[in-house]
Amino acid sequence: MRIDVITIFPQYLEPLSLSLVGKAIGRGEVELHIHDLRDYTHDRHRTVDDTPFGGGPGMVMKAQPWGEAIDEILGSVQTPGAGSPVLVVPTPSGVPFDQKTAASFAESQWLIIACGRYEGIDSRVFEYYGQQIDVLEVSIGDYVLAGGEAAALVIAEATIRLIPGVLGNVESAVDDSFAPDREGGALEGPVFTKPQSWRGLEVPDVLLSGDHGAIAKWRADESIRRTSQRRPDLSSS
Ligand code: JEW
């Protein structure tokens, strides 16, 4: 998979070179390109924003540098079999990004993530590229960030860990809360490891019993209890 990220804060994306994503890059499973939007300006102040038509507070990102950046990236396809990219745009007004979205991105060979700042990007950029490629404006949750960079980290990590072979333990990918194959999306229950006793707190006896049926039932019960307590929106009853 190839991922291009366009941002005015290229260093913000450096964590992508670490950990899970970094290993996938190191093994050649992911090709990551970070682009500085200001490299696509032509004035001495490297201007990326302007005042909003119609008035109102704040500034809006100009279409011009976005158009030149995306044009160059689209034209630089030296990735064989990369096919057509998906232009992913984090925004508080997007469709919810969830595990299903991540799974569909993981099947894509090429993502371009456009990180806005200020009050967002001139909407004609999405209208224009929507005529040639898939454009998806996504929200990672109902809170307002200062820009798209933190959302891009979230989207990239959630996507890359679903690429076959990227996660060390393939089974733990399907057992997760919110895994798309888990109908209804119940939450995971609590987990424990050694030692059996820690600061006077014990691991539940059933987990030491060796009774796999009883363990599965206990975990299912804990999962239901936790889901109804914490996420009534996901609860079936
Ligand atoms: C998010 C990108 C870029 C995503 C989620 N756009 C916009 C905007 C902003 C503040 C107020 C109103 C609109 C700031 N902002 C972003 C916010 C993504 C940008 C600029 C974002 N929350 N916030 N899920």
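The values are calculated or read from the model by the stated rules, or taken from the named source; none is laboratory data. Nothing here was measured: the structure is a model prediction, and the numbers come from that model. Reconstructed Cβ throughout: ideal geometry from the backbone, glycine too, with neighbour counts over all protein chains shown. SASA here: full protein model, heavy atoms, side chains in, ligands and nucleic acids out. Shrake-Rupley method; radii C 1.70, N 1.55, O 1.52, S 1.80 Å.
Computed values, structure above
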| item | result |
| --- | --- |
| Zone of Q132's modelled label, taken as backbone nitrogen in the range 26-63 under 12 Å from a point 7 Å along Cα→Cβ | none |
| Amide proton proximity set for V135, modelled H, under 5 Å, gap of 5+ | L87 |
| Accessible area of the chain divided out per residue, in Å², using a probe of 1.4 angstrom | 59 Å² |
| Shape of the chain, Cα gyration tensor, a/c cut at 1.5 | prolate |
| Helix-derived mean residue ellipticity, 222 nm - over the chain, DSSP H n ≥ 4, -39500 (n - 2.57), to 500 | -9000 deg cm²/dmol |
| The chain: most fluctuating residue of W198, W66, W218 per GNM, C-alpha cutoff 10 Å | W198 |
| Mean Cβ count within 10 Å, highest first, over the residues of peptides 31-41, 199-209 | 31-41, 199-209 |
| Prolate/oblate/rounded call for the range 77-132, Cα gyration tensor, a/c under 1.5 rounded | oblate |
| Per-residue HN-Hα couplings for the range 52-67 [Karplus 6.51, -1.76, 1.60; θ = phi - 60°; Hz; x = Gly/Pro] | x, 4, x, x, x, x, x, 10, 10, 6, 5, 5, 3, x, 4, x |
| Listed peptides 55-61, 5-11 by packing density, highest first (mean Cβ within 10 Å) | 5-11, 55-61 |
| Per-peptide average of other Cβ atoms within 10 Å, ordering 155-165, 124-134 highest first | 155-165, 124-134 |
| Max mean-square fluctuation residue, GNM over the chain, Cα-Cα springs under 10 Å, options V135, V88, V144 | V144 |
| Diffusion constant of the range 177-235 at 20 °C, which comes from Stokes-Einstein with the Kirkwood Cα-pair radius and 1.002 mPa s, µm²/s | 168 µm²/s |
| Antiparallel DSSP beta bridges within the chain, as percent of all bridges there, nearest 5 | 15 percent |
| HN-Hα J in Hz across the range 31-38 - Karplus 6.51, -1.76, 1.60, θ = phi - 60°, x for Gly and Pro | 10, 10, 10, 9, 10, 8, 4, 5 |
| Long-range amide H partners of H35 with built H, under 5 Å | V5, I6, T7 |
| Separation of the R226 and S19 label points, Cα + 7 Å toward Cβ, nm | 1.9 nm |
| In Hz, Karplus ³J(HN,Hα) per residue of the range 121-132 (6.51, -1.76, 1.60; θ = phi - 60°; x = Gly, Pro) | 10, 3, 4, 5, 4, 6, 4, 5, 6, x, 7, 10 |
| Amide H contacts under 5 Å for T41, placed H, 5+ residues apart | none |
